[in-house]
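Chemist: My structure is below; once you've seen it, I'll send some questions.
The values are calculated or read from the model by the stated rules, or taken from the named source; none is laboratory data. Every value quoted in this text rests on a predicted model; they were computed, and no experiment measured them. Reconstructed Cβ throughout: ideal geometry from the backbone, glycine too, with neighbour counts over all protein chains shown.
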Amino acid sequence: MEGLTLLMAVRLINETQAVANNAIPIPDILGTVMSLISRFVIIGGALWVVWGLIVLGGGLIDKTGPKIQAGIWQIIGGGVIIAGGALVVTVLV
């Protein structure tokens with residue numbers, strides 16, 4: 001009986017190690033998530049820059065100062081968002 005119990009314990013340990021070896025390590029998951037977040041933030045910043053260029057173009061056509069100023073600040077804000085998205089990946093977990 002003791003030999004059977006020992007054999008079952010060894011099999012259980014081997015099966016648990018096999019499951020643990022096939023599992024995705026936590027740092028890989030976090031790195032993937034951070035990379036995905038970074039991509040979305042960079043894409044969002046790029047869209048913000050494009051919208052800023054549209055606002056700036058509309059302001060230049062109408063020759064209205066507030067629209068020009070809003071467009072320039074929106075372009076700068078989009079650049080800051082892109083830079084933040086690029087820095088997200090460098091965060092150490």
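Chemist: Scan T16, T90 and give me the residue that is of a type in the set (S, T, Y), part of a helix (DSSP H, G or I), at pLDDT below 95 and surrounded by fewer than 12 Cβ atoms within 10 Å (Cβ to Cβ).
Modeler: Matching residue, one of T16, T90: T16.
Chemist: Let me ask something additional. Checking M34 against (1) out of contact with any helix residue (DSSP H, G or I) (no Cβ under 7 Å at 6 or more places or on another chain); (2) at pLDDT below 95, only one condition comes out false. Which one?
Modeler: The failed condition is (1).
Chemist: With respect to D62, determine if the residue is within 17 Å of T90 (Cα to Cα), exposed (fewer than 12 other Cβ atoms within 10 Å of the Cβ) and of a type in the set (D, E, K, R).
Modeler: No; evaluated as a whole, the condition is false for this residue.
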